[in-house]
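Student: Here it is, the structure, as structure tokens.
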Amino acid sequence: MGDGIESCEIRLEELLQDAQAWVASEDALAHLNRGLRARHYILRHCREYLGHTCFSKKDKPLSAYVATEAAFHLNGYYLNLRGALDNLAWVLQIELRLLPGIDGSSSRGRTSIHLFGKKFINKLDNAAPRLASHVSSMKEWGLDLANLRDPAAHRIPLYVPPGVMTSQDQVAEFRRLDALSGAPEEKLGGKRRIEIMLEAQQLASFEPVFCVTSSEGSKVYSIPRQLLYDHENYLKLTSNVLQWFRGNAQQG
């Protein structure tokens, strides 16, 4: 992570501020400021929180509170990442009038604009070929985001496990304690059942991963690897679009 990501975030924030002079339409400015710009700071906050909390292994599991906070920030990140790309697409749609007769006043219009849609990219290619080439080159990444955004929005949310057990010794001891917690009271050795259950939970260690659950089962992702990959692509794409607006304004 470190200075590379942070410097790119700051550069994008400068572009977002300067873009006030390059974007003409009030509707486009609304998507730029109250949409993309607002979401950017949410994304940055989520990235920073997860970086401090969930980017490295820990000997002990996360508390239930911290694991819930981590899942909250992870789901929030991917919901707002897709939203930011939608705002970016609407800025392009409004400023360049790519798809005639489409605006955000109807549900049909709101679902017709998709940054990586074939029709949208074809129209963008007519208006700004170099920009369309860049957007098209990132299409596969953009479409893959649905695997992370859609579960958060519509199905089972992304899950950050508080801890995992990676050795047979851990598993065996967990099973022993789990069985003991349900034994008759005279076999508990003076301990309360909740104490035994908490002791069992503390056998786990934290691994920086999250899970996506679907009808096909669960898939495990590395939090730092996946999040930073997606964040870098978001920063690159958004910055390039705004730089195109700057160059186009300067030429005009």
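Student: For the range 192-216, how many residues are surrounded by 14 or more Cβ atoms within 10 Å (Cβ to Cβ) and modelled with pLDDT of 75 or more?
Tutor: Counting residues in the range 192-216 that are surrounded by 14 or more Cβ atoms within 10 Å (Cβ to Cβ) and modelled with pLDDT of 75 or more gives 9.
Student: Taking the criterion of being modelled with pLDDT under 95, under 19 Å from Ala38 (Cβ atoms) and assigned to a loop (DSSP other than H, G, I, E, B), would at least one residue in the range 93-104 satisfy it?
Tutor: The answer is yes, given that some residue of the range 93-104 is modelled with pLDDT under 95, under 19 Å from Ala38 (Cβ atoms) and assigned to a loop (DSSP other than H, G, I, E, B).
Student: Read through the list (1) hydrophobic (A, V, I, L, M, F, W, C); (2) without any contact (Cβ under 8 Å) to a residue 12 or more places away in the chain; (3) surrounded by fewer than 17 Cβ atoms within 10 Å (Cβ to Cβ), then give the number of the only condition that Ala127 fails.
Tutor: (2)
Student: Shifting gears a bit: In the range 39-57, is there at least one residue being closer than 22 Å to Val91 by Cβ, at pLDDT 95 or above and among the aliphatic types (A, V, I, L, M)?
Tutor: The answer is yes; a qualifying residue exists.
The values are calculated or read from the model by the stated rules, or taken from the named source; none is laboratory data. A quick note: this is a predicted structure, and the numbers were derived from the prediction, not measured. Every residue, glycine as well, gets a Cβ built from its backbone with ideal geometry; the counts of neighbours run over all protein chains shown.
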